[in-house]
1. So residue 61 ticks every box in (1) acidic (Asp, Glu); (2) within 19 Å of residue 94 (Cβ to Cβ); (3) touching a residue at least 60 places away in the same chain (Cβ under 8 Å) but one. Which box is left unticked?
2. Look at region 1-38 and say how many of its residues are buried (at least 18 other Cβ atoms within 10 Å of the Cβ) and in a loop (DSSP other than H, G, I, E, B).
3. Is there a residue in region 94-113 that is of a type in the set (A, V, I, L, M, F, W, C), assigned to a helix (DSSP H, G or I) and crowded, with 18+ Cβ neighbours inside 10 Å?
4. Regarding region 41-55, can at least one residue be identified that is on the phi < 0 side of the Ramachandran plot, in contact with a Pro (Cβ under 7 Å, 6 or more places away or on another chain) and modelled with pLDDT of 95 or more?
5. Does residue 68 qualify as being farther than 16 Å from residue 132 by Cα, at pLDDT below 95 and not in a loop (DSSP other than H, G, I, E, B)?
6. Considering only residues that are in a helix (DSSP H, G or I) and hydrophobic (A, V, I, L, M, F, W, C), look in region 115-137 and name the one that is nearest to residue 35 (Cα to Cα).
7. Looking only at region 1-19, filter to residues that are farther than 16 Å from residue 114 by Cα and of a type in the set (A, V, I, L, M, F, W, C); which one of those is modelled with the lowest pLDDT?
8. Which ones in region 16-43 are within 21 Å of residue 78 (Cα to Cα) and in contact (Cβ under 8 Å) with a residue 40 or more places away in the chain?
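The values are calculated or read from the model by the stated rules, or taken from the named source; none is laboratory data. Keep in mind the model is a prediction, meaning the values are calculated, not measured. Cβ placement follows ideal geometry from the backbone for every residue including glycine, while neighbour counts extend to all protein chains displayed.
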Amino acid sequence: MALIFLGLGSNLGHKEEFIELAISEIKKQIGPIVARSAFYDSDPWGFESPNSFINACVAVETTIDPNECLRIVSSIECLLGRSKKTTDGYKDRVIDIDILFYDQVIIQETNLTIPHPLLHLRKFVLDPLVEIAPKLMHPIFHKDMESLLKEIN
């Protein structure tokens, strides 16, 4: 059984509802939620938009391998109305689900990087992550989530 951490965000439509629907699908398709953060408001990161975000993190127990998790996460995004992710910058979106950690595994493949390569720079990820797993160690930086958050505050 692996413990994975997922980051969720939405800045279009009924944001809280999209995150709730995503969490429901994660439970059905990936595994039981063992920890869940509150919702956090944040400004867009990496692009301009008048639409603020709602963000959250969940910890999930799963027997599914990382690449299959990525496939399922992408299918959940599509199910909820997300257009295909692009490589030409960030845009408004009804739902975004990122794999932040998969146990302490380090993966660097063309379509999948774990831990998420930018999580240590994103307050909107670290705030909810610190709420549910403050002592979770980053396997590359060898720092816990509280320490990473302090570095960007």
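1. Among (1) acidic (Asp, Glu); (2) within 19 Å of residue 94 (Cβ to Cβ); (3) touching a residue at least 60 places away in the same chain (Cβ under 8 Å), residue 61 violates only (2).
2. Qualifying residue count for the region: 4.
3. To start, the set of residues in region 94-113 that are of a type in the set (A, V, I, L, M, F, W, C) comprises 94-95, 97, 99-101, 105-107, 112.
Filter once more, so that each one left must be assigned to a helix (DSSP H, G or I): none.
Among the residues of region 94-113, not one is of a type in the set (A, V, I, L, M, F, W, C), assigned to a helix (DSSP H, G or I) and crowded, with 18+ Cβ neighbours inside 10 Å, which makes the answer no.
4. Within region 41-55, one or more residues are on the phi < 0 side of the Ramachandran plot, in contact with a Pro (Cβ under 7 Å, 6 or more places away or on another chain) and modelled with pLDDT of 95 or more.
5. On the way: farther than 16 Å from residue 132 by Cα: yes; at pLDDT below 95: no; not in a loop (DSSP other than H, G, I, E, B): yes.
When the stated conditions are applied, residue 68 does not pass them.
6. Keep residues of region 115-137 that are in a helix (DSSP H, G or I), which gives 119-121, 123-132.
Those still in the list that are hydrophobic (A, V, I, L, M, F, W, C) too: 119, 121, 124-126, 129-130, 132.
Details: 119: 18, 121: 22, 124: 17, 125: 15, 126: 15, 129: 10, 130: 11, 132: 6 Å.
Ranking the candidates gives 132 first.
7. First, the residues of region 1-19 that are farther than 16 Å from residue 114 by Cα: 1, 9-19.
Narrowing further to those that are of a type in the set (A, V, I, L, M, F, W, C): 1, 12, 18-19.
Values: 1: 96, 12: 89, 18: 95, 19: 97.
Filtering region 1-19 for residues that are farther than 16 Å from residue 114 by Cα and of a type in the set (A, V, I, L, M, F, W, C), the one modelled with the lowest pLDDT comes out as 12.
8. Matches in region 16-43: 18, 19, 21, 22, 25, 26, 29, 30.
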